[in-house]
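What follows is calculated from the coordinates using simple rules that are stated; it is not laboratory data. Fair warning: this is a prediction, and the values are worked out from it, not measured in the lab. Using ideal geometry, Cβ is built from the backbone for each residue, glycine included, and neighbour counts are taken over all protein chains shown.
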Amino acid sequence: MTDAQAPVDESMTTTPLPPAHNAHGALVKKLSALVVGMFAFGFALVPLYDLLCDITGLNGKTGGKYEYDAAALMPDKSRLIQVSFVTNANEGMPWSFESEKGGVRVHPGELKAVNFIVRNPTDKVMVGQAVPSLVPFNAAQYFHKTECFCFESQILQPGEEMVMPMRFIVDRDLPKNVQSISLSYALYDITERSDIALLSKELVESRAAANTNSKIDTNDSTALEPSGNG
C-alpha cells in the first residue's frame with residue numbers, strides 16, 4: 001500500500017525572479033530615454049525662450065533695426081536719460097573692443113550717435129559678431145537702434161582697426177522711473193563658421209550704403225570716458 005502524496009501548499013510556492021542583469025538593463029534603458037527626452041526638451045526651449053525675449057524684452061535683448069520718420073521726432077526736453085556703454089570681448093576673442101564714449105545723456109525721442117572702436121591684432125582675417133543686452137530689462141522695448149554694427153558680422157583684416165557707429169533713440173514712452181540705461185555688447189569670434197568671401201562682399205555693400213546716409217554729430221559735452229576691454 002502506497003503512502004498518499006502530501007498536498008502541496010500553493011502559498012509556499014515562489015515565482016522565479018528574473019535575472020538581476022535583466023532588471024538592471026531595463027532600468028538603464030528607462031534612464032537613457034529620460035536623459036534623451038530632457039536633452040531634446042532643452043533644445044526645444046531655446047527658440048521659445050528667444051521668441052519670448054524678442055516679444056517682451058526679457059533678459060535685456062534689444063530688437064532689430066528701428067525705422068523712424070526724422071520729421072516726426074519730438075525730443076522730450078524735460079527729461080535726460082543717462083545711457084552707459086559696456087564692451088567685452090568673449091573668451092577666445094583677441095580683438096580689442098571699446099566705446100568711444102563711456103556714456104551719453106539723451107532726451108527721450110532724440111536721435112543719438114555713438115562710435116565703437118574695434119581692432120584685430122592678429123595676423124589673420126577674422127570675423128566677429130557683437131551681441132547686445134540692456135538693463136534694466138523693462139527698458140529694452142523703449143531702446144531703438146536705427147543703425148548698429150551688431151546687425152551684421154564684422155570682418156577685419158590682420159592689424160585692421162575700424163570705427164563702428166551705433167545710432168539710437170530712447171522712446172518718449174520710457175517709464176518715468178527709469179533714469180539710466182546700460183547697454184552692453186559681448187563680442188564673439190565666429191570666424192570658423194563664416195563664409196568670409198560672401199561676408200566681405202556684403203560688408204562692402206553695407207558700408208557703401210551707410211556712407212550715403214546723412215552724418216550725425218557725435219560730439220557731446222556730457223559724454224563720459226571710454227569704456228571697454230582696450
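Starting at the first residue of the range 149-164, write each ³J(HN,Hα) from the Karplus equation 6.51 cos²θ - 1.76 cosθ + 1.60 with θ = phi - 60°, in whole Hz, x for Gly and Pro.
5, 6, 6, 8, 5, 10, 10, 10, 6, x, x, 6, 10, 9, 9, 10
Give the residues of the range 86-105 whose amide nitrogen is closer than 18 Å to a point set 7 Å from the Cα of residue 123 in the direction of its Cβ.
Counting only backbone N, you get 94-95.
Residue 171 to residue 135: extension gain in nm, 0.36 nm per residue of separation minus the Cα-Cα distance?
11.5 nm
Where Lys and Arg each count +1 and Asp and Glu each count -1, what net charge lies around residue 94 among other residues with Cβ under 11 Å from its Cβ?
Taking every other residue near residue 94 into account, the sum is -1.
Report the gain in length on full extension from residue 91 to residue 190: 0.36 nm times residue separation, minus Cα-Cα distance, nm rounded to one decimal.
Extra length available between residue 91 and residue 190 comes to 34.4 nm.
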